[in-house]
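Have a look at the structure below before the remarks.
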Amino acid sequence: MKNVLTAALLSFAATGAMAAGHCAAGKTLTDGTLTIATGNPAYYPWVLNDAPEAGEGFEAAVAYALAEEMGFAADAVTWVRTSFDEAIQPGAKNFDLNMQQYSITPERDKVVDFSAPYYTAPQAVMTTQPVVDGGAAPTLESLKGLKWGVVASTTALPVVMDRIQPDQSPLVYDDNANITAAMQAGQIDAALFDLPTALFTAAVLMENGVVLGQFDPDAAENPDQFGMLMPEGSALKTCVDEALAAMTDSGKLAEIEAQWLQEATGVPLIK
Amino acid sequence: MPDPRLSLRGVTKSFGDVQVLRGIDMDIAPGEMVCLIGASGSGKSTLLRCMNGLEPVDDGAVRLDDVDIAEPGFDLGPIRRRIGIVFQSFNLFPHMTAYDNVALAPRRVLGEDARERIEALFARFGLADHMRKYPDQLSGGQQQRVAVIRALAMRPQTMLLDEITSALDPELVGEVLDVLRRLRDDGMTMVLATHEMAFAREVADRVVFMDQGVVAEEGVPERIFSAPERERTRRFLASVLR
Amino acid sequence: MIAGVSTCVALALVVVLVPLAPGWDAVRASFFDGEVFVRVFPDLLRAFTLDVAIFAWSVPMIFALGLAIALARGNTNPALFPLRIFGAVYVDLFRGIPVVLLVYLVGFGIPGLGLPRPWNSPYIWGTVALVLTYSAYVAEVLRSGIESIHASQRNAAICLGLSERDTMRYVILPQAIRRVVPANMNMLVALQKDVALLSFIGPVEILRQAGIFKSLLANFTPYVAAAVIFLCITVPATRYADYLMNRDRDARS
């Protein structure tokens, strides 16, 4: 009896897996394979050591958990690299899913499809020790007086303009490396990143970086939510959303977040 | 003969392997008009350019009022104000009006406005109506007269004239030669390289025939043109007077 | 007439055939979205005024420095030989280094040495980078102009008793500069585009502003709008340079 039950459970599980696999069947670029794109290079803490196939780092771990949920074995996951522009330009795509901290916005949603969010990122303020020594504090009032820098392709610029409304117009850069160079050159006081990136940049890339504070993501009108990017009209979207919902319900997603983005807690809230 | 204005002794000059001047001795008295004649390449132009230091000489002395200006390192600036030179190809400054061509050096070098003097020069040589024109708006003869005025505006004591009618259409030669006649009547010291034999015969105090970098024969025009002593002078004159 | 007809036919073929391509709808939505165009155009125009300002304050410095370098390189005074070497090295160096690298190097590097505000401004050092590069090009253009003036002009001036300095200033340079106006016009058109490189070190000029809109709207139309603004400036400027070049050629023939 027990054996029968076990067998039934196993067969149910197998059927479940089959069902999920069936959902994605014929909808991927290559049948039986899930092709996932990441950045070039991919950064900590999203992908460790620029090696997504190791499954280490938040996005890499989510990718493999998602694949498993959808019925793909780990070795059925293929990684490719794309830039931001490649992902949103018209024409055929070379990936099923693209994960590189894409914030979901309605405008972007017109040209590509987004999955349900897999992470809600608080925005955080990175600055340097001399600026903190100069009196910068995690209050909007104090932040207004700083010289800001942001990365062009992120949603940080509207956040700076709308929530902080700085006295001087912000400077805008191509990537985090240029932000850190400008900050080290004393040309900007502060930069806005999503919290995990801010922590990494302050600790690893900067000499005297400090994460001054974070915005409460729930208090934001449009919290910055990361979604997986798919080609417009992707047949895979419903499968991905179902799988993400299952991972959220089972606590798997929160578990991965706790494992890889642990330090993100403990940074003061900006008032 | 009074002390010469210009005195050359043993002047030699080479360009690369070609020896253009092979030991020139020459004295030019104040107020004298000397015509250099000879075939192209005989060294006339080079000799003129050595007389005002535009070409440094290889060897020999070029004395202006008894000062050797061929010494290495000699400051030629002040000398050049005293010796005017006019070139075959006019060499007016194309971006300036005729008047500005003339007025530039007096203003920058002598520090004088010289307007009245310059206008008088233009009027004297029949160019009063052309002062505001640019060189490309003037005929060749007019341009060459402007070039002469430009040199005269520096009040030189000596004028060097390097085949100044050779680039002109035949009908324009006369107006330029007229200018020279008037300068001669003023008593200007002039050394003139020319192919205009009739003119040389008419106005020169002395004619110098140059051949292959040396002075082959010299004398008053009457004798040179009617009774040359040297065979090569005869041959040259026969070829140009044919 | 024939040219007009063939131009119309070619244009018609483009207008008719391109929309027949299977991906046209997607391309049109991404690059030629009228709504996006209207929305971003005023902001782009405002950002373009920064390009114009950077251009305007760079040009006098570029020409002053370019002229100084050209004169340093062209001088024949043995006592000033080191200046000649300096000019040659300067030109080789700054023509050889990509502008982008120089913008980063000067724009981040020099302020990084510890200059206080406002002396570490990316506007200042970005401008310096542009001036260094473009003055090297302009120096070469001017030098070629100076060398193109026949020696007889110099001789005539020297024989009038003018100093070397006055000869250069009143006789050689005015002619040389006039002769290289077309080449310098092309240089200015190139500069107008390279001003955008300053955006790499922070300033939000038109291309950066377009990039920001592109990211926010996931649409490339802002770049098309920026291109339109650029063309409004560069096409007349290029045509004008061509006109000057032709006029110069006609004048000399």
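The values are calculated or read from the model by the stated rules, or taken from the named source; none is laboratory data. All values derive from a computational prediction rather than experimental measurement. Counting neighbours? That spans all protein chains shown, and the Cβs are built from the backbone with ideal geometry, glycine included.
Summary table
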item: Region C:180-192 - residue that is part of a helix (DSSP H, G or I) and closer than 28 Å to residue B:101 by Cβ and, of those, nearest to the other protein chains (Cβ to nearest Cβ); result: C:181
item: Filter result for residue B:123 (within 12 Å of chain C (Cβ to nearest Cβ) and among the small types (Gly, Ala, Ser)); result: no
item: Strands (runs of 3 or more DSSP E) (entirely within region A:119-205) containing at least 2 residues that are within 14 Å of another protein chain (Cβ to nearest Cβ); result: A:148-151, A:171-173, A:190-194
item: Considering residues of region B:160-212 that are charged (D, E, K, R) and within 11 Å of residue B:36 (Cα to Cα) only, the residue nearest to the chain's Cα centre (by Cα); result: B:162
item: Selection within region A:81-106 - closer than 23 Å to residue C:27 by Cβ and not in a loop (DSSP other than H, G, I, E, B); result: A:84, A:85, A:86, A:87, A:88, A:98, A:106
item: Lone unmet requirement of (1) away from chain C (no Cβ under 14 Å); (2) assigned to a loop (DSSP other than H, G, I, E, B); (3) farther than 30 Å from residue B:131 by Cβ for residue B:31; result: (3)
item: One residue from C:126, C:112 being closer than 18 Å to residue C:66 by Cα, within 14 Å of chain A (Cβ to nearest Cβ) and out of contact with any strand residue (DSSP E or B) (no Cβ under 6 Å at 6 or more places or on another chain); result: C:126
item: Residues of region A:60-78 satisfying the condition of being under 21 Å from residue A:238 (Cβ atoms) and touching a residue at least 40 places away in the same chain (Cβ under 8 Å); result: A:62, A:65, A:66, A:69, A:70, A:71, A:72, A:76, A:77
item: Some residue of region B:107-118 being closer than 19 Å to residue C:165 by Cβ and under 18 Å from the mean Cα position of the chain (by Cα); result: no
item: Out of C:171, C:228, C:195, sole residue that is surrounded by fewer than 17 Cβ atoms within 10 Å (Cβ to Cβ) and assigned to a helix (DSSP H, G or I); result: C:228
item: Residues of region C:104-126 classified as among the β-branched types (Val, Ile, Thr) and surrounded by fewer than 22 Cβ atoms within 10 Å (Cβ to Cβ), total; result: 2
item: Residues that are assigned to a loop (DSSP other than H, G, I, E, B) and within 18 Å of residue B:211 (Cα to Cα), drawn from region B:6-16; result: none
item: Boolean, residue C:131 is at pLDDT 90 or above and under 29 Å from residue B:148 (Cβ atoms); result: no
item: Among the residues listed as C:99, C:89, the single one being closer than 21 Å to residue A:182 by Cβ, hydrophobic (A, V, I, L, M, F, W, C) and away from chain A (no Cβ under 14 Å); result: C:99
item: Residue match in region B:114-122 (condition: modelled with pLDDT under 90, in contact with a helix residue (DSSP H, G or I) (Cβ under 6 Å, 6 or more places away or on another chain), assigned to a loop (DSSP other than H, G, I, E, B) and surrounded by 14 or more Cβ atoms within 10 Å (Cβ to Cβ)); result: yes
item: Hits in region B:81-93 (condition: closer than 26 Å to residue B:195 by Cβ and facing chain C (nearest Cβ under 7 Å)); result: B:85, B:87, B:89, B:91
item: Only one of B:3, B:25 that is loosely packed, with under 15 Cβ neighbours inside 10 Å, touching a residue at least 40 places away in the same chain (Cβ under 8 Å) and assigned to a strand (DSSP E or B); result: B:25
item: Residue list for region C:201-230, restricted to those being more than 14 Å from chain A (Cβ to nearest Cβ) and modelled with pLDDT of 90 or more; result: C:225, C:227, C:228, C:229
item: Total residues in region B:56-76, condition out of contact with any Leu (no Cβ under 9 Å at 6 or more places or on another chain) and within 14 Å of another protein chain (Cβ to nearest Cβ); result: 4
item: Given (1) free of Cβ contacts under 8 Å to residues at least 24 places away in the same chain; (2) surrounded by fewer than 16 Cβ atoms within 10 Å (Cβ to Cβ); (3) not aromatic (Phe, Trp, Tyr), number of the condition residue A:140 does not satisfy; result: (1)
item: Selected residue [facing another protein chain (nearest Cβ under 10 Å), under 24 Å from residue C:239 (Cα atoms) and β-branched (Val, Ile, Thr)] from C:177, C:158; result: C:177
item: Helices (runs of 4 or more DSSP H) within region B:148-235 that include 3 or more residues in contact (Cβ under 8 Å) with a residue 12 or more places away in the chain, out of contact with any helix residue (DSSP H, G or I) (no Cβ under 6 Å at 6 or more places or on another chain) and of a type outside the set (D, E, K, R); result: B:170-186
item: Residues of region A:19-43 that turn out to be at positive phi and either modelled with pLDDT under 85 or part of a helix (DSSP H, G or I) (or both), as a count; result: 1
item: Criterion violated by residue A:109 - all others in (1) within 14 Å of chain C (Cβ to nearest Cβ); (2) under 26 Å from residue A:26 (Cα atoms); (3) in a loop (DSSP other than H, G, I, E, B) satisfied; result: (3)
item: Selection from region C:161-174 of residues that are at the interface with chain B (Cβ under 7 Å from one of its Cβ atoms), within 31 Å of the chain's Cα centre (by Cα) and within 15 Å of residue B:109 (Cβ to Cβ); result: C:166, C:170, C:171
